[in-house]
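The values are calculated or read from the model by the stated rules, or taken from the named source; none is laboratory data. Nothing here was measured: the structure is a model prediction, and the numbers come from that model. Here the Cβ is made from the backbone with ideal geometry for all residues, glycine too, and neighbour counts use every protein chain on show. Accessible surface is based on the protein model in full, side chains and every heavy atom, while ligands, DNA and RNA are left aside. Shrake-Rupley method; radii C 1.70, N 1.55, O 1.52, S 1.80 Å.
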Amino acid sequence: MDDTAVLAAYDREMREGARADGPGARIERTGAVVRQVSEAGGWNAVLWSGLDAAGAHRAIEEQIARFTGLGQEFEWKLYGHDRPADLGERLRAAGFRAEDEETVMVAETARVAQDTEPPAGVRVVRATDEAGIELVVRVHEEAFGTDGTRLRHQLLAQHAADPGTVLAVVALAGDEPVSAARLEIVPGTSFAGLWGGGTVTRWRGRGIYRTLVAHRARTAAAHGCRYLQVDASDMSRPVLRRLGFRALTTTTPYLYGA
């Protein structure tokens, strides 16, 4: 895999050429910025920017004005290779708050092991209705310690509008949800995104996360997706590396108004 070429394709297809992530959201392209604007409860974000030192300050002010004018919090999704090199410092100076850095990892779908089975007593099921989505949200809240309201809203809206592009799966130990994850397929691109993979604390270290990666890789392969992409945390990065994923850059969410 040519890392430089794949990163360029990712920027072109998934960031600069981004599509809205669900109903009630739209993509706006203005100057050297691509952003998503959503209705209340949705995700608002700057997805891509092609800035230089001379124009960065004005672009930052314009994004703040746009979203605050709508009464919306938003995220500037900053990547490690974005320019200017001090863009993160400029965002902090403008009032943004940086959250934890993650690593953008990519693998060729065909090279990811797709035959991994869950441990004994655990089964993987697809969340195809409101009850299933509620299980996904329940795992998300317990595994990450965060509120799942936005995720619930997003998954319900995506499932209602276009269920073929989002696969949400839950690992169950008996009737107890112990791990969950999502696959997002973006038609017309080379990439499928692996999102939200999390396991509740007492079930970690048993190979369930690896099983959910394999399950989603099979689906991505069936849809002809050439690459799998993950924004990986420190916890998942070693597992993904062993599965054949490679680190291409980093991404850090800079939050404004949150």
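If Lys and Arg each add +1 and Asp and Glu each add -1, what is the summed charge of the other residues whose beta carbon sits under 12 Å from the beta carbon of Pro119?
It works out to a net charge of +3.
Once you've got the GNM for the chain with C-alpha springs shorter than 10 Å, pick whichever of Arg218, Arg35, Arg182 has the biggest mean-square fluctuation.
Ranking Arg218, Arg35, Arg182 by mean-square fluctuation puts Arg218 first.
Count the net charge of all other residues whose Cβ sits under 10 Å from the Cβ of Glu141, scoring Lys and Arg as +1 and Asp and Glu as -1.
Once positives and negatives cancel, what remains is 0.
May I ask you to give the solvent-accessible area per residue for the range 101-183, in square angstrom, as obtained with a 1.4 angstrom probe?
48
Anyone know which of Ala181, Ala171, Ala98 comes out most mobile in the 10 Å Cα GNM of the chain?
Ala98
Put +1 on the Cβ of every Lys and Arg and -1 on every Asp and Glu Cβ in the range 62-196; which of Val170, Phe96, His159 then has its Cα farthest towards the positive end of the dipole?
Positive-end residue among those listed: Phe96.
Can you work out ³J(HN,Hα) from phi for every residue in the range 170-180, in order, using Karplus 6.51 cos²θ - 1.76 cosθ + 1.60 and θ = phi - 60°, giving whole Hz and x for Gly and Pro?
10, 9, 10, 9, x, 9, 8, x, 10, 7, 7
If you plug each phi of the range 23-39 into the Karplus form 6.51 cos²θ - 1.76 cosθ + 1.60 with θ = phi - 60°, what whole-Hz ³J(HN,Hα) values come out, in order, with x for Gly and Pro?
x, x, 10, 9, 9, 10, 10, 9, x, 9, 9, 10, 9, 10, 10, 10, 5
Amide H of Gly197 versus every other amide H placed in the peptide plane: which residues, excluding those fewer than 5 positions away on the same chain, fall under 5 Å?
Close amide H contacts, sequence-distant or interchain: Arg182.
About the Cα centre of the range 190-258, how large is the charge dipole given +1 on each Lys and Arg Cβ and -1 on each Asp and Glu Cβ? Please answer in debye to the nearest 20.
About 360 debye.
Over the chain, with every protein chain in place, what whole percent of the accessible area is carbon and sulfur at 1.4 Å, could you tell me?
Carbon and sulfur atoms account for 48 percent of the accessible area of the chain.
Under 5 Å between amide hydrogens, which residues at least 5 positions from Arg83 or on another chain qualify, with H placed 1.01 Å from N in the peptide plane?
Leu51
Tell me, what is the per residue accessible area of the range 192-258 in Å², probe radius 1.4 Å?
43
List the residues of the range 179-193 whose backbone N lies under 12 Å from a point placed 7 Å from the Cα of Thr251 along the Cα-to-Cβ direction.
From the range 179-193, the list is 184, 192-193.
Quick query: amide H of Thr249 versus all other amide H atoms, modeled in the peptide plane; which residues come in under 5 Å with a sequence gap of 5 or more or a different chain?
Answer set, sorted by chain and number: Val104.
Give me the percent relative contact order of the range 93-171, please, defined on Cα pairs under 8 angstrom at least 6 residues apart.
Relative contact order of the range 93-171: 35 percent.
For every other residue with a beta carbon closer than 11 angstrom to the beta carbon of Ala59, add +1 if it is Lys or Arg and -1 if Asp or Glu, then tell me the sum.
+1
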